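Data block below; observations after.
The values are calculated or read from the model by the stated rules, or taken from the named source; none is laboratory data. All values reported here derive from a predicted model rather than from experimental measurement. Cβ sites come from the backbone with ideal geometry, for glycine too, and all protein chains shown count toward neighbours.
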Amino acid sequence: MGRGDPEHMTEEPTLLAVDAGTSTVKTVAFRTDGEEIASSSRETEILRPASGQIEQDPTEVWKQVVETIKAVSSELPADAVPVGIAITGQGDGLWAVTDEGEPVGNAILWSDSRAAPILDEWAESGRLDEIVAQCGSSPYPGMSLPLLVWLAREQPDRFARIDTALSCKDWLNYKLTGERTLDPTEATVPYLDKEMGTYDRDVFDLVGIPNVAEALPRLTVPTEIIGNVTEAAAKETTLPVGLPVVSGLFDVPASAIGSGVIRPGDVAVTLGTSLTHQAIVEGPQASDRGIQMNLGMGDRWTYAIGSNAGTPSLEWLAETIVGIEDVAGLENYATDAPVGSDGVLYHPYLSSSGERGPFVDPTARAQFVGLTPEHDTGHLVRAVYEGLSLAVRDCVEHLPASTGEVALSGGGTSSELWCQLIADCLDRPVVIPSGSELGAKGAAIVLGVALGEYPSLEAAVEGIVDTETRYEPRPDAPDAYDELYDLFVDIREEMGPLWTRRVTAYQEGTNQPTSD
């Protein structure tokens, strides 16, 4: 009988995972061996009501998630039976709801900077040091605590309507189940006691808003089944009523898990519009250079450093220097240039926001150093790839000590040259996990453990994550890049005061340099 014969069909348990990113939401269906069997994505709108303010309409994000779930459900093979759903998504920000569960205005996103002056106040008063001592990391403006303080000052009517402070994924979990929860990856900074792993609500007293201390929802570990799909959610999404919903975790650690990075010392790097570097560690670390998050699964924490360097340098290079539309074509121009690009060094601080890791300087800017008339397009192209790879090393050097292989993910992994240069610059093997949706895969892995499909996180990763490509450091290249890395760091450190002077020079008068 055929595979589609209902009487002889073997049902295959299927793990549904949603990845609600900042600009795109995706739903992916996985078999328990990690095979992607259906997927759907929708773009979401980012709102910018004022300078430095970045928001989204939570209701619209939910609608796009609904559409992707419906699309995937309709595409599932006849033997695929959903056994649960997990959501991951953009972290931090403020997705506040009222007592009735309605959004308190638009969600304020992680990339919003309106609360930056509040962080400056906390730093000057010493309150920031107290927060770091409590949770292990320093908050940034796009986290919920400074945003709550901003709302209390600037929009008190809106602030007064807040009943629960959620994150993006937990807003979506609420829409599915009616349950309001938060997991440790979202809560660590700035709400958890780093030693106990529980809420320290005294932080609200510290920053002057004690009346919202109970706005934090129930704390749940990522593998906890927090509830089931309600009748209302089932009607919207076409999911089965009662389908289990797992707490989950946000997209940065979810991508690491989807890459197979779960053991202390494992390192994951995401090559995207920005760069994310993270290492799995045992418990909180003494250093506060990065953001540390309790994974809520044993003693595992992730220690992450984000950088604003990333693929925009390649896009700018293709369009402005080379004059091509497809970034993939850049590698053809770099094949003849040698290691070190014959003396040209590139610092990839192209973002108008400067840099945030492993150093913080909003005035940092991109630059080529060492140009002569002998340099051609190939030298510049290779220098950009090398500069991006040295920026990756700059962040990995500041992660807790690790000497093993590094898992790469993100759009940048489509460049063989970039991946090879990262292996050369780190002097470590680099692996590219199979699959294109590693955040969703990480969520599916957590779901599989929660449902008992796998006895442990290690077993789930062993059964689901495969390596697609492996890069080994090339002979002699690491020695050359060791020297270039030292130069790369020395120049960017010396440039700090000059970047600040550049801002002053260009902001005076007509915003143009003075001419004779």
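The table below lists the values:
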item	result
Options Gly378, Gly448, Gly412, Gly387: the member that is of a type in the set (Gly, Ala, Ser), assigned by TED's automatic domain parsing to the domain that holds Ile321, in contact with a Leu (Cβ under 8 Å, 6 or more places away or on another chain) and part of a helix (DSSP H, G or I)	Gly387
Ala116 surrounded by fewer than 13 Cβ atoms within 10 Å (Cβ to Cβ) and either farther than 19 Å from Ala215 by Cβ or modelled with pLDDT under 95 (or both)	no
Answer from Asp92, Asp33, Asp19 - the residue that is crowded, with 21+ Cβ neighbours inside 10 Å, in the same structural domain as Pro141 (by TED's automatic domain parsing) and in a loop (DSSP other than H, G, I, E, B)	Asp92
Per-region count, the range 420-435, residues surrounded by fewer than 22 Cβ atoms within 10 Å (Cβ to Cβ) and in a helix (DSSP H, G or I)	1
Any pair with Cβ under 7 angstrom, 6 or more apart, that starts in the range 303-325 at a residue that is free of Cβ contacts under 8 Å to residues at least 40 places away in the same chain and ends at one that is aromatic (Phe, Trp, Tyr) and surrounded by fewer than 21 Cβ atoms within 10 Å (Cβ to Cβ)	none
Residues (of a type outside the set (S, T, N, Q), assigned to a loop (DSSP other than H, G, I, E, B) and touching a helix residue (DSSP H, G or I) at 6+ places or on another chain (Cβ under 7 Å)) located in the range 252-268	Gly260, Ile262
Test for Val81: is it part of a strand (DSSP E or B), modelled with pLDDT under 95 and in contact with an Asp or Glu (Cβ under 6 Å, 6 or more places away or on another chain)	yes
Which listed residue is at pLDDT 95 or above, surrounded by 16 or more Cβ atoms within 10 Å (Cβ to Cβ) and not β-branched (Val, Ile, Thr), from Leu417, Leu438, Leu447	Leu447
Any hit, the range 241-261, residues being closer than 30 Å to Ser307 by Cα, out of contact with any Leu (no Cβ under 8 Å at 6 or more places or on another chain) and among the β-branched types (Val, Ile, Thr)	yes
Elements of type strands (runs of 3 or more DSSP E) contained in the range 137-251, each with 1 or more residues being over 24 Å from the mean Cα position of the chain (by Cα)	225-228, 244-246
Hits in the range 290-324 - residues which are more than 18 Å from Tyr191 (Cα to Cα), in a loop (DSSP other than H, G, I, E, B) and touching a His at 6+ places or on another chain (Cβ under 9 Å)	Ala309
